[in-house]
Each structure stands twice: as structure tokens, then as C-alpha cells.
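K.L.:
Sending over a structure as C-alpha cells; questions will come in a sec.
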Amino acid sequence: MVYDVIIVGGSYAGLSAGLQLARARRSVLVLDSGLRRNRFTDTSHGFLGQDGRAPGDIAAEARAQLMAYPTVQWLADTAVEAVQVDAGFAVRTRTGEQLSARRLILASGVIDELPDIEGLQPRWGQSVFHCPYCHGYELNHGAIGVLATAPLSIHHALMLPDWGPTTFFINGVFEPDAEQLAQLAARGVRLETRRVRRIDGARADVVLSDGEIVAVAGLFAMPRTRMASPLADQLGCVLEEGPMGPFIQTDATQQTSVPGVFACGDAALAAGSVALAVGDGARAGAGTHRSLIFG
């Protein structure tokens, strides 16, 4: 069978894209490995109508709604290879399935890469966060730490005082210049120059190089990201370099530089959230449908 569209990734963006195509009665296959980026956190915030819900519950309900449409199929597998063919695209999965479609939507997301600091990774999504809009409010104006991972982390440090008193741990990553020091002072940010030894405690207490512990209600760190799937590279899609890592370049319809290949969600955004992924997916689904009609 040649599907109208194969969607690689069944999280928020992929589900949203699929819904537009299902309602246009197009044949759709969703390929999903089951690894949502926000699987480490208990609640999702900032998504209108779903604020405070468990992210897995949001995804499960969205999947149930999508699968109610008879032209949609779901395959729990991972796409490992995609190539252009005369009829469109051929996709091979990890289990050896050979699949074909006229169009592809890449909604496979990204992988977060955190600094190699003891105690950081186990607390990711629980008391160590990236997005202040997603998790800052729940800290209830408690003490906040910002761990520098790149010079751009100063923007994190300048934002976070709106959610609580902020300490910026530069950890030897860079040295703020005079203008940046003035900006931090104007925002009331405390600057900590000692190195971070580890993250400890029930929340995310920062243990410094001399053993002193700085207690915080939550710690924010900007991870480096990389593509969760090799398909964009295999197909020759142009990537852009964002503040956190590369993302897939798309036009206003979410089409990539490769005709017939669309992308949405975190893989196609410089920085994302559930709400942005859903909107991005809706554009990708509609854009893909129009391309099937008009070429």
C-alpha cells in the first residue's frame, strides 16, 4: 500500500498534523517509537485547555481521537531510513517494515543533552527544567538557580527573576562582561562564580566546589539538542542552527527544502513547547494536504 502520508513521530505535533489529514479523509500512517520529549515531567503547563494535566494523558487522549478516524493507522516502530522514490518516499523501520507514501511529515522531535554534572540528569523534568513558562509558576516564588551551559544562558538568568529570586551559576562556562553584569544586577540576579560539583537533595540543591550547598526550589538549564531521527539528514533537508542546536528549515506551509517532505514540532523549531508543537503540526497537516492537491 502507498499511503498518502507517513508521519514519523506520534507525539503532539505528529498527532496534530495527522488530525488535519484524517479529517480530509487521507490515508495516514503514524510511525511512533513512544519516546515523548517531555516524558520525564509529571504535568504540562501553558497549553490552553490542558493546563496542569499529565503530558502522557494529553497525548493518549489525542491519539484516541485521531485513531477514531478510519483512514489512520498506527505502527509502534522507529523509522531508520527514508529515501525518495518515483511514487514519493520509501521508509524502512527498525523491525524491517518497508513502507511507502506520497508525502512525509517529520515530527520526530529532538533529544536533550545536559551537561555532565552528577545529579542533573535524574532530576530532569522534576526539579531541573528548561522552560520557565512551563514550570516557573509552580515554584511559588521560591529560590531559583540557573546553571550556565553556554553564554546564551544569561538570557535565562535575566528572565527567571519574574518567577523567584535567582542565582546564576556560571560554572566556568563564560565570563559576563561589564554590560552583562549591569543587566544581571538590575534584575537582582546573584552571580555565583564557584564551580558546581553536583546536584543533590530532594529538589535540586547545588553543591559547590568548596562543599557549600545552595538550596533552590528549582534549577533551570538550557540543554543542547540534537535530532532524534536521522531521516532529515538522509533526505538532504536543510537545517538551521538555533540557540540550542540544529532544527529543520521549513517554509510557511512547514515544507522542508526537499519537496514533499514536511516537518513540525521540536525538530522544526528553535525552541518549543506542547502548545507550539500542536500549532506547528496543524500547519504541517494542512500544508501537506494542499500539496497533495496542488503539487
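K.L.:
Being aliphatic (A, V, I, L, M), closer than 17 Å to ALA182 by Cα and in a helix (DSSP H, G or I) is the filter here; which residues of the range 134-161 pass it?
P.N.:
ILE154, ALA157, LEU158, MET159, LEU160
K.L.:
Being over 10 Å from the mean Cα position of the chain (by Cα), modelled with pLDDT of 95 or more and crowded, with 19+ Cβ neighbours inside 10 Å is the filter here, so list the residues in the range 259-277 that pass it.
P.N.:
GLY260, VAL261, PHE262, ALA263, CYS264
K.L.:
Moving on to the next point. Out of the residues in the range 229-244 that are of a type in the set (Gly, Ala, Ser) and surrounded by fewer than 20 Cβ atoms within 10 Å (Cβ to Cβ), which is nearest to ALA267 (Cα to Cα)?
P.N.:
Per the stated criteria, the residue is GLY242.
K.L.:
For ILE117, indicate whether it is without any contact (Cβ under 8 Å) to a residue 60 or more places away in the chain, crowded, with 18+ Cβ neighbours inside 10 Å and of a type outside the set (Lys, Arg).
P.N.:
Against the criterion (without any contact (Cβ under 8 Å) to a residue 60 or more places away in the chain, crowded, with 18+ Cβ neighbours inside 10 Å and of a type outside the set (Lys, Arg)), ILE117 does not qualify.
K.L.:
Output the residues belonging to the range 208-230 that are in contact with an Asp or Glu (Cβ under 6 Å, 6 or more places away or on another chain), in contact (Cβ under 8 Å) with a residue 24 or more places away in the chain and either among the charged types (D, E, K, R) or more than 21 Å from HIS155 (Cβ to Cβ) (or both).
P.N.:
Answer for the range 208-230, where residues must be in contact with an Asp or Glu (Cβ under 6 Å, 6 or more places away or on another chain), in contact (Cβ under 8 Å) with a residue 24 or more places away in the chain and either among the charged types (D, E, K, R) or more than 21 Å from HIS155 (Cβ to Cβ) (or both): ALA215, ARG224.
K.L.:
Related question: List every residue pair whose Cβ atoms sit under 9 Å apart, with the two residues 6 or more apart in sequence or on different chains, where the first one lies in the range 157-185 and is more than 21 Å from ALA143 (Cα to Cα) and the second, anywhere, is in a loop (DSSP other than H, G, I, E, B) and of a type in the set (S, T, N, Q).
P.N.:
Final answer for the pair search is GLY172/THR193; VAL173/THR149; GLU175/THR193.
So that you can scan it fast, the table gives a plain yes or no per residue for (1) in the same structural domain as ALA87 (by TED's automatic domain parsing); (2) part of a helix (DSSP H, G or I):
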| site | (1), (2) |
| --- | --- |
| LEU184 | no, yes |
| ILE199 | no, no |
| ALA202 | no, no |
| THR250 | yes, no |
| ALA267 | yes, yes |
| ALA275 | yes, yes |
| ALA284 | yes, yes |
| GLY287 | yes, yes |
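K.L.:
Mind listing whichever residues of the range 67-84 are under 25 Å from CYS237 (Cβ atoms), of a type outside the set (Gly, Ala, Ser) and surrounded by 12 or more Cβ atoms within 10 Å (Cβ to Cβ)? So that I can check it myself, show each step before the final result.
P.N.:
Step one: of the range 67-84, the residues under 25 Å from CYS237 (Cβ atoms) are 72-84.
Right, trim to of a type outside the set (Gly, Ala, Ser) and you get 72-75, 77-78, 80-81, 83-84.
Within the range 67-84, VAL72, GLN73, TRP74, LEU75, ASP77, THR78, VAL80, GLU81, GLN84 meet the criteria.
K.L.:
Restricting attention to the range 1-42, report how many residues are within 13 Å of the chain's Cα centre (by Cα), at pLDDT below 95 and under 22 Å from ILE293 (Cβ atoms).
P.N.:
Number of matching residues: 0.
K.L.:
Okay, next question. What single numbered condition from (1) in contact with a helix residue (DSSP H, G or I) (Cβ under 7 Å, 6 or more places away or on another chain); (2) in contact (Cβ under 8 Å) with a residue 60 or more places away in the chain; (3) farther than 30 Å from GLY295 by Cα fails to hold for LEU106?
P.N.:
Condition not satisfied by LEU106: (3).
K.L.:
Restricting attention to the range 102-141, and to residues there that are of a type outside the set (Val, Ile, Thr) and under 30 Å from ALA87 (Cα atoms), which single residue is nearest to the chain's Cα centre (by Cα)?
P.N.:
Going through the qualifying residues, I end up with GLY109.
K.L.:
Ok, one more. Please verify whether GLN254 is over 19 Å from ASN38 (Cα atoms), in contact with a Gly (Cβ under 6 Å, 6 or more places away or on another chain) and not acidic (Asp, Glu), treating the condition exactly as stated.
P.N.:
When the stated conditions are applied, GLN254 passes them.
K.L.:
Name, by its number, the condition in (1) at pLDDT 95 or above; (2) in a loop (DSSP other than H, G, I, E, B); (3) outside the structural domain of GLY119 (by TED's automatic domain parsing) that does not hold for GLU240.
P.N.:
Going through the list (1) at pLDDT 95 or above; (2) in a loop (DSSP other than H, G, I, E, B); (3) outside the structural domain of GLY119 (by TED's automatic domain parsing), GLU240 breaks only (2).
The values are calculated or read from the model by the stated rules, or taken from the named source; none is laboratory data. Nothing here was measured: the structure is a model prediction, and the numbers come from that model. Cβ sites come from the backbone with ideal geometry, for glycine too, and all protein chains shown count toward neighbours.
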